[in-house]
Amino acid sequence: MAEPVAASRLLDTLRLAERPRPRAVARWPHAHWLAVGTVCLGAFLGQLTASVTSLVFPALEERFDAAFAAVEWVSLAYLLVLVALLAPVGRLSDLVGRKAMYLGGFAVFAAASLGAGLAGNLGVLVACRAVQAVGGAMMQANSVALVARGVPERAMRTALGVQAAAQALGLALGPTLGGLLVAHASWRWAFWVNVPIGALGVLTGWFLLPRTFPDGRRPARAAREGRFDLAGLLLLAASSTALLLALSTASGLPLPGWAVAGLPVAAAAGALALVRRERRADRPIIPPGLVNTPGIRAGLLVALSGYLLLFCPLVLEPVVLAGRGTTATAAGAAITALPAAFALAATAGGALLPRRWNDAARCRCGALTAATGLLALAALPAPGPWTTAAALLPTGYGLGLLLPANNALVMRAIPAQSSAVGGGLVNMVRSLGTALGTALPVLAVHQAGTAAGGRAVPLLLAVVAALAVRLCRD
């Protein structure tokens, strides 16, 4: 009996972090846009970190005298922890409050970034990145829910588009900022730059985010009962780790032969065990009833496909262009066309579409537009920076139409009491799509033995985009 009482007291303590907004802010008719702006700060920070980190790999290899396969763990550790924690953190947020968890995420992220910049060896840096992912999960698991439940229904798609644009802005600025910091300061500043942004996020969120429980009441008793699904969390972590390690091994990560053969089997076995476990658990971290809803299941597949389509060209095209003698500056300018077009479509692209179109129609239009750009990229015989940018513009624009509209469809289908869990699922599949979009181009180039061998990837991505059209439904 003592354990449930202690857990209940802990939840009550955590809820104390959710202070109401100042009355002047709460009474302002457009206060929800201030909350959206705070969420956009976290979205910008997360994508800025993702795109900056890859720029410091060469400096880390030199500083720590480490092989590239070892340095890859700076990104791999972050992705593994993030994927494993997004769903359970989303469920916990529905109990302790999304605002409290989101602000805590900013604080953890900033503190871990400070530690990463101070790291004296590669092991400490990787550990700090894992802690940084804990903060990232606390933010990302709540970001979509804070937007979806904090704005009027009529403004949801626009708000999610603004959030997606903030992500694209961080993604676009990362390579340029990372290059400047490494060239003119130190690789440490690629992590320290997160500290002031994290502090600003805590400050603005404290005053501008609404409380999760406006009337101060606890969640229903049924929502508080049951044990945390620790077994489900461990199975999710094990299966996703085995999957990413299997892809990394095929891409050149040196591991023993038994591990190379066993990792795909372990990933499949872990996934099957996770499905069986979640069907029996009292409070599963990935609720089968939620995932198996047709509209939600299709939307999650579209989200995974969309971020796979977004990150594959970002990773692949710099390698292809460098293989053709393009300078890093010109390649970076060409690649920026993708996130720039994404940001434009996410914020203003809907204005060019017929007003009578619903979100499903916008999703289909976006997927077809992205498929057209990827087909053009695959058809180019020897693309230079300008032709690459021309093909990436419709790709990014299509994804900017697709992903915000799809997020709106998913969040409308999720019950309000499970919004943080649903937001965590959306961000979990997004992170899986990001991880796959990072690993698959490296795998293609490694297996082909040449950067030009990766030219088949855009054709494969065009097929994925075309298949996404079939998934988009009302």
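Points worth noting:
- Helices (runs of 4 or more DSSP H) contained in segment 3-65 and holding at least 1 residues modelled with pLDDT of 80 or more, acidic (D, E) and open to solvent by 60 Å² or more (accessible area, probe 1.4 Å): 57-64
- On inspection, R218 qualifies as at pLDDT below 70, assigned to a loop (DSSP other than H, G, I, E, B) and touching a Ser or Thr at 6+ places or on another chain (Cβ under 9 Å).
- Test set (1) touching a helix residue (DSSP H, G or I) at 6+ places or on another chain (Cβ under 9 Å); (2) at pLDDT below 80; (3) more than 30 Å from L459 (Cα to Cα) - L234 fails condition number: (2)
- Residue that is closer than 28 Å to R412 by Cβ and crowded, with 21+ Cβ neighbours inside 10 Å, where the choices are L353, L300, L290: L300
- Complete set of residues in segment 370-396 that are among the β-branched types (V, I, T) and surrounded by 23 or more Cβ atoms within 10 Å (Cβ to Cβ): T388, T395
- Residue among G226, G150, G174 that alone is on the phi > 0 side of the Ramachandran plot and at pLDDT below 75: G226
- Within segment 464-474, the presence of at least one residue that is of a type in the set (V, I, T), surrounded by fewer than 18 Cβ atoms within 10 Å (Cβ to Cβ) and modelled with pLDDT under 80 is confirmed.
- Selection from segment 112-134 of residues that are of a type in the set (A, V, I, L, M, F, W, C), over 17 Å from G46 (Cα atoms) and open to solvent by 50 Å² or more (accessible area, probe 1.4 Å): L118, V124, A127
- Test: residue in segment 92-109 that is open to solvent by 10 Å² or more (accessible area, probe 1.4 Å), part of a helix (DSSP H, G or I), in contact (Cβ under 8 Å) with a residue 12 or more places away in the chain and among the basic types (K, R): yes
- Single match in A172, A133, A148, A164 (criterion: without any contact (Cβ under 8 Å) to a residue 60 or more places away in the chain and part of a helix (DSSP H, G or I)): A133
- Any hit, segment 397-413, residues being open to solvent by less than 40 Å² (accessible area, probe 1.4 Å) and farther than 15 Å from G161 by Cβ: no
- Scanning segment 169-213 for residues that are touching a Pro at 6+ places or on another chain (Cβ under 8 Å) and open to solvent by 60 Å² or more (accessible area, probe 1.4 Å), we see that the one that is farthest from F64 (Cα to Cα) is R211.
- Among all positions in segment 253-261, there is no residue which is within 22 Å of L233 (Cβ to Cβ) and modelled with pLDDT of 75 or more.
- Among the helices (runs of 4 or more DSSP H) confined to segment 309-392, the ones with at least 1 residues that are among the aromatic types (F, W, Y), at pLDDT 75 or above and under 23 Å from V464 (Cα atoms) are located at 337-348.
The values are calculated or read from the model by the stated rules, or taken from the named source; none is laboratory data. Model, not experiment: these values are computed from the prediction. As a convention, Cβ positions derive from the backbone with ideal geometry for all residues, glycine included, and neighbour counts pool all protein chains shown. For accessibility, only protein heavy atoms count, side chains too; no ligands or nucleic acids. Shrake-Rupley method; radii C 1.70, N 1.55, O 1.52, S 1.80 Å.
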